[in-house]
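Written out below as structure tokens is the structure these notes cover.
Every number in this text was worked out from the coordinates using simple rules, so none of it is lab data. Since this is a predicted model, take the numbers as computed values, not measurements. Here the Cβ positions follow ideal geometry from the backbone for every residue, glycine too, while neighbour counts run over all protein chains shown.
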């Protein structure tokens, strides 16, 4: 795997440019529309890059090819970190290429560096597979457990699902409590650790568990 670039590697400039293909370049001004709002409809992969970064130029065609192969299930957006340093700081980018996947306005998966094609494909497969909410709802249906929670998750009503799950945690025995906690934590991770619902219900879950 090619190593990631850091700002010091600007001393050696790459002569290539990014192949635009069907991808979109975004800026600090359009990021909310191009990435955050769009990610509420489909997963959006954001490639933080720079023209002087060799690994960025190596990764770009791999990302573009693998995303194109998924027939519109995922969007690719690029951010030039030199032109948009505030965005890079906001999302904690210290080395590039930094690739971050967004769902529902939150980062849900990420990697740094030029991964080989097989690893990029696997990463995208996991991103475009069933969401955590869909998986938990399916598990509950299969186990004939908590149909109201499954209903809420299938409606994308995470708030109602968390309320019902925490009510169950409050009265569950230790084994069942662990079973419930594992599913709640998966839902937190899918929403994003800074999501308002995650912050609120993680605090309530900790109070019940400890």
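With 24 Å as the cut-off, how large is the P(r) tail for the stretch 7-128, expressed as percent of Cα-Cα pairs? Mind showing how you got there, number by number?
Values: 1366 of 7381 pairs.
So the pairs more than 24 Å apart make up 19 percent of the total in the stretch 7-128.
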In whole percent, what relative contact order does the chain give with Cα contacts below 8 Å and a gap of six or more residues? 21
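Based only on Cα atoms, what mean projected area does the convex hull of the chain have, in nm²? Intermediate values should be presented prior to the final figure.
Numbers: hull surface 52.6 nm².
Quarter of the Cα hull surface area: 13.2 nm².
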What distance in nm lies between label points placed 7 Å from Cα along the C-beta direction at residue 148 and residue 71? 4.0
To the nearest 10 degrees, the tilt of helix 117-128 (Cα long axis) against the first principal axis of the alpha carbons of the chain is 40
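For an R0 of 22 angstrom, estimate the FRET efficiency from the Cβ-Cβ distance between residue 196 and residue 139 and round to the nearest 0.05.
Details: r = 25 Å, r/R0 = 1.14.
FRET efficiency, residue 196 to residue 139: 0.30.
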If you take the square roots of the eigenvalues of the alpha-carbon gyration tensor of the stretch 132-209 and sort them as a ≥ b ≥ c, do you get rounded (a/c under 1.5), prolate (a/b over b/c) or oblate? oblate
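By average Cβ neighbour count within 10 Å, what is the ranking of 137-147, 177-187, 56-66 from highest down?
Listed from highest to lowest mean packing, they are 56-66, 177-187, 137-147.
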Taking the Cα atoms only, what angle lies between the long axis of helix 196-209 and the longest principal axis of the chain, rounded to 10 degrees? 50
Cut-off 14 Å, label point 7 angstrom out along Cα-to-Cβ of residue 207: give me the residues of the stretch 160-186 whose amide nitrogen falls inside. 163, 166-167, 170
To the nearest 0.05, what FRET efficiency results for residue 186 and residue 32 with a Förster distance of 22 Å applied to their C-beta separation? 0.25
Cα axis of helix 174-191 to longest principal axis of the chain: angle in degrees, 0 to 90, nearest 10? 30
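Suppose only helical runs count, i.e. DSSP H with n ≥ 4. What mean residue ellipticity at 222 nm does that imply for the chain under -39500 (n - 2.57) per run, divided by all residues and rounded to the nearest 500 deg cm²/dmol? Intermediate values should be presented prior to the final figure.
Numbers: 8 runs with 98 residues, N = 210.
One gets -14500 deg cm²/dmol as the mean residue ellipticity at 222 nm.
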